[in-house]
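Quick note: the coordinates plus some simple rules give every number you see, no bench work behind them. Remember, it's a predicted structure, so these values are computed and weren't measured experimentally. Cβ coordinates were reconstructed from backbone atoms using ideal geometry, including for glycine residues, and neighbour counts include every protein chain displayed.
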Amino acid sequence: MTSWSTRADVVAKLRRRWERGEFLARLAEGRQWEPLDLALRGPTARDLADRFGEVRAWVERWRVSDGRGMRVETRTIGGRVIGTNEIPHKVWIDTYDQLWMLIGTARQVSRFTDLLTATRTQAPRIAEWMVSKPLEVLRFADEWDKLINTVLWISCHASRDKYLRQIDVPGVDTKFIEGHRGILSALLDRQLPAQRVDHIRPPSDFAGRYQFQSKPDYVRFRWLGHRNGYTEMTVQAAELADTPPNCSTVFVVENEITYLAFPPPEGSIVIFGGGYALPRLNRLAWLADKNLTYWGDIDTHGFAILNQMRRRYPHARSMLMDRPTLLAHEAHWTQEPKPVNAHLPLLTSDEAALYTDLVEGVLGDAVRLEQERVRFCAIERALHALPR
């Protein structure tokens with residue numbers, strides 16, 4: 001099996017450089033083509049003596065290739081014993097057109113140059129980016145007009161009081177925006193002035209990064225005990241932050257049915273937390289002045305959420321997240337799917353000891369007691385024992 005270079009080897013080398021964007025970038029920059037040479041691995045003088053037929057066939061294949069997208073240069077090998085022979089030594093690509101023909105990219109080059117020319121007129125800043133990312137442009141060639149029109153609309157019309165839904169470009173909707181956030185972010189970062197981009201926010205937070213109105217956070221809560229009018233409300237977190245409910249005690253629970261069935265201490269509300277939803281609650285500064293109690297699952301994530309809550313509200317108590325509750329409900333234990341093992345410095349000593357046992361599997365593998373599995377009478381006793 002010979003290792004001598006073939007036409008396919010040369011094309012593969014050139015394709016790899018094409019796939020790095022090297023050739024298109026050079027063309028887009030307006031640089032003149034400089035003849036490109038690629039060395040060939042060919043037979044030695046010993047091969048000429050031992051495998052003359054194979055060498056002659058290899059030389060013939062390169063003779064046929066000469067002029068078909070490349071120029072073949074030869075060198076002399078051999079000597080007095082076997083005579084001298086001219087064999088291919090390297091190939092030359094003398095023009096851009098030869099290169100495009102050889103690697104089969106002429107149509108893509110034409111498409112890119114058309115897009116670049118049009119964009120230089122519409123959005124010169126983006127055209128500069130195109131020169132350095134030509135293959136990224138080709139990847140989105142079919143949607144390029146929509147992308148540019150979207151960027152220009154945002155540049156002219158976006159504001160903090162508008163939602164993404166209000167982008168008014170033919171053929172563009174929120175699904176298009178969501179599916180093209182990466183490329184749109186790259187283009188917008190070039191097009192918009194620095195003060196129009198919040199670089200702290202990632203492209204995945206498209207609305208926040210480009211200062212659109214974001215979907216509001218909501219807080220769902222119930223009044224406990226006797227109350228006229230509504231017993232339950234879902235309110236925008238920003239509005240609830242400005243208008244605290246008239247209560248002295250706040251409970252935060254994670255399970256929806258537990259939230260709906262929560263017993264009614266007078267002068268209290270219960271908030272449906274729903275997992276790692278603390279950013280919503282962090283906006284409610286008035287929680288710092290309330291008797292605040294958190295009740296989550298007895299598992300590693302439950303304690304992690306409790307620790308997070310205490311970063312904002314150090315006075316927050318926990319309820320039914322203790323060893324006696326866990327041991328009293330052993331028949332209802334399940335396994336936590338993906339336990340965490342983080343340093344939680346804001347737990348009390350008893351909470352930290354139980355958390356450590358859960359992490360280390362002292363009571364069993366990934367032990368978990370979900371909130372909804374705790375007996376209802378235990379909830380009532382715990383509420384009765386809480387300080388008022």
Write down, largest first, the equivalent ellipsoid semi-axes of segment 225-385 in whole Å, where each equals the square root of 5 times an eigenvalue of the alpha-carbon gyration tensor.
27, 18, 13
Output for segment 37-125: trypsin sites (Lys or Arg not before Pro) sitting in coil per DSSP, at most 12 other Cβ within 10 Å, listed by number, reads Arg41, Arg68, Arg80
Virtual spin-label span in nm between Glu128 and Lys13, 7 Å along Cα→Cβ
3.6 nm
Treating the beta-carbon of each Lys and Arg as +1 and of each Asp and Glu as -1, no other charges, what is the dipole magnitude of the chain about its Cα centre, to the nearest 20 debye?
1280 debye
Under Karplus coefficients 6.51, -1.76 and 1.60, residue-wise ³J(HN,Hα) of segment 28-43 in Hz, glycine/proline x
5, 6, x, 7, 5, 6, 10, x, 10, 10, 10, 6, 10, 8, x, x
Between segment 163-198 and segment 36-80, what's the alpha-carbon centroid distance in Å?
55 Å
Please compute the length gained on full extension between Ala45 and Arg68, using 0.36 nm multiplied by the number of residues separating them and subtracting their Cα-Cα distance.
5.5 nm
In Å, what is the Rg of the alpha-carbon atoms in segment 224-311, and how long is Dmax?
12.7, 39
Can you figure out the FRET efficiency of Met233 with Ser110, using R₀ = 45 Å and their beta-carbon distance, to the nearest 0.05?
0.15
Going toward the positive end of the dipole of the chain, with +1 on Lys and Arg Cβ and -1 on Asp and Glu Cβ, which of Ile269, Gln211, Ala352 do you reach last?
Gln211
5 angstrom amide H check on Arg317, placed H, neighbours 5+ away:
Leu292, Thr293, Tyr294
Estimated [θ] at 222 nm from DSSP helical runs (n ≥ 4, -39500 (n - 2.57)) normalised by residues in the chain, nearest 500
-12500 deg cm²/dmol
Whole-Hz Karplus ³J(HN,Hα) for segment 108-117, in order, using 6.51 cos²θ - 1.76 cosθ + 1.60 and θ = phi - 60°, x for Gly and Pro?
5, 5, 4, 5, 5, 5, 5, 5, 5, 4
Kirkwood Rh and Cα Rg combined as Rg/Rh, segment 107-209
0.95
Which one, Pro124, Gln371, Gly302, is farthest towards the positive end of the dipole of the chain when Lys and Arg carry +1 and Asp and Glu -1 on their Cβ?
Pro124
Expressed to one decimal in nm², the mean projection of the alpha carbon convex hull of segment 161-291 is 10.8 nm²
Based on the Cβ-Cβ distance from Leu260 to Val359, what FRET efficiency comes out when R0 is 30 Å, to the nearest 0.05?
0.40
So what's Rg/Rh here for segment 70-160, counting alpha carbon atoms and using the Kirkwood radius for Rh?
1.37
Cα pair distances in segment 7-104, grouped into 5 Å bins until the bin that holds the longest one, percent each:
2, 12, 22, 20, 14, 11, 8, 6, 3, 1, 0
Total charge dipole magnitude, segment 231-301, about the Cα centre, Cβ charges on Lys, Arg, Asp, Glu only, Debye to nearest 20
160 debye
Sequence of Glu29, Glu372 once ranked by neighbouring C-beta atoms within 10 Å, starting from the fewest
Glu29, Glu372
Unit charges at the beta carbon, dipole of the chain: most positive-side option, Ala342, Leu135, Thr249:
Leu135
J(HN,Hα) series, segment 338-353, from Karplus relation 6.51 cos²θ - 1.76 cosθ + 1.60, nearest Hz, glycine and proline x
9, x, 9, 9, 10, 6, 10, x, 9, 7, 5, 4, 5, 5, 5, 5
What are the extents of the Cα atoms of the chain along their three principal axes, listed from largest to smallest and rounded to whole Å?
108, 56, 29
